[in-house]
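The values are calculated or read from the model by the stated rules, or taken from the named source; none is laboratory data. All values reported here derive from a predicted model rather than from experimental measurement. Backbone-built Cβ (ideal geometry, glycine too); neighbour counts: all protein chains shown.
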Amino acid sequence: MKAEARLFKSLADETRLKILWLLMAKEELCVCDIMAVLGITQSKASRHLRYLYHLGWVNDRREGVWMNYRLNVAPGSPEDKQLKLLEEILGSRPEAQALKEKLEQRLAAKCETMASTAAACKCS
């Protein structure tokens, strides 16, 4: 039962729930995008992402100076079932929908900025 206790403990923090929600919306996100959408510092975002990483919820990938994160749950696993339930519960919540919209706006603005500087857009 220790594994289940860790699983539920990981979901007991609002910031971690929000991060998981954002990662459910996009295949992969940069820490900078999570910071901007949630209005948190880099150290807070990284601390929560490390927590989720050590529990196996997310994988990370370095791209230059950027760290990108994506969900890392096996289909049919307890974590997968929890994420599906979480998505169902949060899907009807106005705050959760507002976070998704804020993420879309952030990524669109980021792509526009990258396009104007002739950089390749990797936001989609």
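Could you please let me know if residue 62 is surrounded by fewer than 14 Cβ atoms within 10 Å (Cβ to Cβ) and out of contact with any Asp or Glu (no Cβ under 8 Å at 6 or more places or on another chain)?
Working: surrounded by fewer than 14 Cβ atoms within 10 Å (Cβ to Cβ): yes; out of contact with any Asp or Glu (no Cβ under 8 Å at 6 or more places or on another chain): yes.
Answer is yes for this residue.
Out of the residues in the range 41-68 that are more than 13 Å from the chain's Cα centre (by Cα) and of a type in the set (Val, Ile, Thr), state the one that is modelled with the highest pLDDT.
My answer is 41.
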